Protein chains: 2
Amino acid sequence: MTTMPERTAEQDLPYDVFSRACPSRGTLEHVTGRWGALTLGALFEGSFRFNELRRRVDGVSEKMLSQTLHALERDGLVHREAQPTNPPRVDYELTPLGREVAERLVGLIEFVEGRMGDVLGARARYDETRGGR
Amino acid sequence: MTTMPERTAEQDLPYDVFSRACPSRGTLEHVTGRWGALTLGALFEGSFRFNELRRRVDGVSEKMLSQTLHALERDGLVHREAQPTNPPRVDYELTPLGREVAERLVGLIEFVEGRMGDVLGARARYDETRGGR
């Protein structure tokens, strides 16, 4: 299917995101990139039309959302369903694999949201010690 | 500690990564950004000196790793321990909060690595249908 990266003794899996040549690094970037993570997180709530998704992922441009969706669709994480209407109605939803990825991402997102008090406290202490940045 | 983003009826938490003004979005980006995710993933294995970490996170530049570590340290996820030796020896390790974040990230990374066969299969089908990209 593709050439696999070289294996070293410490690797248990044939794919390794720590190796810059491994294709898993690209997929991790699609999944965790600025807009990829939010797009998958939004689609975990249900299917969306393009403009609905754009409103949900506050701040994303039309171009960036389109690129993000293409990369996620190509990786098999998002399904694009076009209805043969005029104008065409296009819905985006997670594939079963995308749902498994999004579930883990949403766990991470909710954990971060829930601990922002600690994060902001740490930032305040850091800036005080270092005299601000 | 900081101003919280406006709450809307659908939010259960005061912090919401979907809102572009929320500080949790910046932290999510530090955590999931290209080098943030790999740095946290590496530190989940143990403490590292700067140059060890740079070798582990294959492809990162000195400047990007330094910026990444600063952002994670400021957010309270990474602890920087400088020994008063000459030359100074500096170790980086996860804080307890950083460990909880990294645990979730590593779960996501390992899941993605384990499903790369499916991802690459999806890519091949996509490129065949769309005539390549």
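So for region A:23-130, what percent of the C-alpha to C-alpha distances run longer than 15 Å?
Details: 3810 of 5778 pairs.
Tail of P(r) above 15 Å: 66 percent of Cα pairs.
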Query - Accessible area of the protein assembly as shown belonging to carbon and sulfur atoms, whole % at 1.4 Å probe - result: 46 percent
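With every protein chain present, what is the per residue accessible area of region B:23-130 (1.4 Å probe, Å²)? Please list the in-between numbers first.
Working: 4980 Å² over 108 residues.
Per-residue value: 46 Å².
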Requested in this report: Output the DSSP H helices from chain A with an along-axis C-alpha extent of no less than 24 Å and a mean Kyte-Doolittle hydropathy no less than -0.5.
Outcome: A:96-114
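Which is the longest run of chain B containing none of the GluC sites (Glu not before Pro) found in DSSP loop states (not H, G, I, E, B) with at most 16 other C-beta atoms within 10 Å? It would help to have the intermediate numbers written out before the result.
On the way: sites that count: B:6, B:10, B:45.
Within chain B, the longest run free of exposed GluC sites (Glu not before Pro) spans B:46-133.
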**Report entry** Interface burial for A against B (accessible surface, 1.4 Å probe, total of both chains, Å², rounded to 100)
**Finding:** 5800 Å²
Query - Complex-versus-alone comparison for region A:69-86, residues with a loss of 20 Å² or more in accessible area, probe 1.4 Å - result: A:70, A:73, A:74, A:75
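Is the shape of the protein assembly as shown best called rounded, prolate or oblate, per the rule: a/c under 1.5 gives rounded, else a/b larger than b/c gives prolate, else oblate, with a ≥ b ≥ c the square roots of the Cα gyration tensor eigenvalues? Don't jump to the answer; show the numbers that get you there.
Values: a/c = 2.47, a/b = 1.30, b/c = 1.89.
Oblate is the answer for the protein assembly as shown, as a/c is 1.5 or above yet b/c matches or exceeds a/b.
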Query raised in the report: Using a 1.4 Å probe, how large is the accessible area of residue B:101, given in Å² and rounded to the nearest 10?
Result: 0 Å²
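The values are calculated or read from the model by the stated rules, or taken from the named source; none is laboratory data. Owing to the predicted nature of the structure, the values given are computational and were not obtained by experimental measurement. A quick note on method: Cβ atoms are made from the backbone with ideal geometry, for glycine too, and the neighbour counts reach across all protein chains shown. Please note that ligands, DNA and RNA were not included when accessible areas were found on the heavy atoms of the full protein model with its side chains. Shrake-Rupley method; radii C 1.70, N 1.55, O 1.52, S 1.80 Å.
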